[in-house]
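Peer 1: Take this structure first; my questions come after.
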Amino acid sequence: MHEITLCQYAVEMMQQHAQQHHARRITAVWLEVGAFSCVEPEALRFCFDIACRETLAEGCQLHLTTPAAESWCHDCRQAIALLSPGVLRCPQCGGRNLRVTADDGMKIKRIEIE
């Protein structure tokens, strides 16, 4: 489970930002997890609470978004949805001539501090 490590790094960055702005605490954070990141959202939520303990982010509200991969099949000329990075075939025509735009990481989009 790499979710705990991701959460620890995120909390560390959040704390650095909060300290630079002389914040007393972090009240909310918005994280974006890429469609191909192999991160389990529920595991991330669980680990986030653990990583926040005894930090400026303790009790912080987590807003988590997981945008879908954007894909285009050049063979059948349709926008398609891919569910995993391991299956790179068009579900409509079976073609492999795809343009895939999907993130495989995690980003801190916004932090709310007091």
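The values are calculated or read from the model by the stated rules, or taken from the named source; none is laboratory data. All values reported here derive from a predicted model rather than from experimental measurement. Ideal geometry is used to build each Cβ from the backbone, glycine not excepted, and the neighbour counts take in all protein chains shown. The protein model used for the area step is the full one, side chains on, heavy atoms only, and it has no ligands, DNA or RNA in it. Shrake-Rupley method; radii C 1.70, N 1.55, O 1.52, S 1.80 Å.
Peer 1: Can you name every residue in segment 28-45 that is open to solvent by less than 20 Å² (accessible area, probe 1.4 Å) and either touching a Phe, Trp or Tyr at 6+ places or on another chain (Cβ under 9 Å) or assigned to a strand (DSSP E or B) (or both)?
Peer 2: ALA28, VAL29, LEU31, VAL33
Peer 1: Which residues, counting only those in segment 97-114, are under 11 Å from the mean Cα position of the chain (by Cα) and in a strand (DSSP E or B)?
Peer 2: Step one: filter segment 97-114 for residues under 11 Å from the mean Cα position of the chain (by Cα), giving 103-109.
Across segment 97-114, the qualifying residues are MET106, LYS107, ILE108, LYS109.
Peer 1: Right, here's the next one. Looking at (1) touching a residue at least 24 places away in the same chain (Cβ under 8 Å); (2) open to solvent by 100 Å² or more (accessible area, probe 1.4 Å); (3) in a helix (DSSP H, G or I), can you tell me which one HIS17 breaks?
Peer 2: (2)
Peer 1: Here's another thing I want to ask about it. Within the set of pairs 6 or more residues apart or between chains, which connect a residue that is closer than 16 Å to GLY34 by Cβ and among the charged types (D, E, K, R) inside segment 85-105 to a residue that is modelled with pLDDT under 90 and surrounded by 14 or more Cβ atoms within 10 Å (Cβ to Cβ) with Cβ atoms less than 6 Å apart?
Peer 2: Close Cβ pairs satisfying both conditions: ASP103/GLY34; ASP104/GLY34; ASP104/PHE36; ASP104/SER37.
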